[in-house]
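We did not get these values from a lab; they are worked out from the coordinates using the rules stated. Only a predicted model underlies this, so the values are computations on that prediction, with no experimental measurement involved. Please note: Cβ atoms are built from the backbone with ideal geometry, for glycine as well, and neighbour counts cover all protein chains shown.
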Amino acid sequence: MTPPSPHIQVLPSPAEVARAAADRIVAAANEAVALSGSFSIALSGGSTPKALYELLASDAYRDRIPWADTEIFFGDERCVPPDHKDSNYRMAREALLSKVPIPATSVHRMKGEIEPAAAAREYQQTLLDRFGVGPGIDLVLLGMGDDGHTASIFPHTPAVTESAATVLGYFAENSSTGKSWRITLTAPFINRSREVLFLICGGSKAARLQEVLEGPQDPHRLPTQLIKPVSGKLIFVIDAAAAGMDSD
Ligand code: 6PG
């Protein structure tokens, strides 16, 4: 079965990207809870989603998400303690999780502070216990690096070809933070999601994003091309700069 083609939304600014993403998450959360009684979301790291997390924690959005029925997962993590400046968990905690009424037991952190392979095995078990072998997370947030990576699936690494594990812990020679041990959801697991929502902003990503969306398949060089939900939605919300539109 051919995976659905991506839905691409281009907005003038990162602020409007964050707002569109927040609106999408509100809708997806309430749809999921109405359908199944729960909503699962995997948060992405990096800098782009910070504005989205702050918006979701704001008066305008906080009460529109059923936090009591929401479960938080992570798409990837740097192998650092949870209070480290590079921790994706720390960024999400400070921008969102510490500001909304989500039960602590509903936040499933990747343990960056322990041995990567052990952390990956533990997270893989968490996902198996929660999702079994069927459909995965309701909504996975992802970003894309200038090099075309997504989550912590970096070009020309074992993460690109990993097909058995749902979570991988490995050493990335050229990560977004230099040489770095990482934990990441693998593409096959991400592709089991009901919805994948990419947030991509900034002119530095325009050329790579065009290659990803319009160029030949080259997933070793462009791991973002691996993300093709088997039956879920694939949505890109990008700003004008990332779409290669000249700023006025
Ligand atoms: C990470 C992220 C990573 C991120 C991209 C884009 O841990 O680095 O999960 O995949 O989404 O690098 O990062 P920016 O949003 O900072 O450009």
Seminar exercise, completed: residue 162 passes all but one of the listed conditions (1) free of Cβ contacts under 8 Å to residues at least 60 places away in the same chain; (2) touching a Phe, Trp or Tyr at 6+ places or on another chain (Cβ under 7 Å); (3) more than 18 Å from residue 88 (Cβ to Cβ); (4) not polar (S, T, N, Q); the exception is number (2)
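Per-residue answers, yes or no, for (1) away from the ligand (no atom under 16 Å from the Cβ); (2) among the aliphatic types (A, V, I, L, M):
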site	(1), (2)
47	no, no
57	yes, yes
70	yes, no
77	no, no
85	no, no
100	yes, yes
106	yes, no
132	yes, no
142	no, yes
Seminar exercise, completed: Looking across the stretch 50-78 at residues that are charged (D, E, K, R) and part of a helix (DSSP H, G or I), the single one that is nearest to the chain's Cα centre (by Cα) is 50
For this session: Determine if the stretch 18-36 includes at least one residue that is surrounded by fewer than 17 Cβ atoms within 10 Å (Cβ to Cβ), within 16 Å of the ligand (Cβ to nearest atom) and at negative phi.
Result: no
For this session: Please enumerate the residues belonging to the stretch 144-165 that are within 15 Å of the ligand (Cβ to nearest atom), farther than 25 Å from residue 32 by Cβ and not β-branched (Val, Ile, Thr).
Result: 145, 146, 147, 148, 149, 152, 154, 155, 159
Exercise. Among the residues of the stretch 101-147, which ones are crowded, with 23+ Cβ neighbours inside 10 Å and assigned to a loop (DSSP other than H, G, I, E, B)?
Worked result: 110, 112, 136, 137, 138, 144
Problem set entry | Index of the failed condition, residue 111 passing every other in (1) within 12 Å of the ligand (Cβ to nearest atom); (2) touching a helix residue (DSSP H, G or I) at 6+ places or on another chain (Cβ under 7 Å) | (1)
For this session: Look at residue 92 and say whether it is among the small types (Gly, Ala, Ser), within 15 Å of the chain's Cα centre (by Cα) and under 24 Å from residue 194 (Cβ atoms).
Result: yes
Problem set entry | Filter pass, residue 48 being of a type in the set (S, T, N, Q) and in contact (Cβ under 8 Å) with a residue 60 or more places away in the chain | yes
For this session: Answer with yes or no whether residue 104 is out of contact with any Cys (no Cβ under 9 Å at 6 or more places or on another chain) and within 19 Å of residue 152 (Cβ to Cβ).
Result: no
Exercise. Does the stretch 202-219 contain at least one residue that is of a type outside the set (Ser, Thr, Tyr), within 11 Å of the ligand (Cβ to nearest atom), farther than 23 Å from residue 111 by Cβ and part of a loop (DSSP other than H, G, I, E, B)?
Worked result: yes
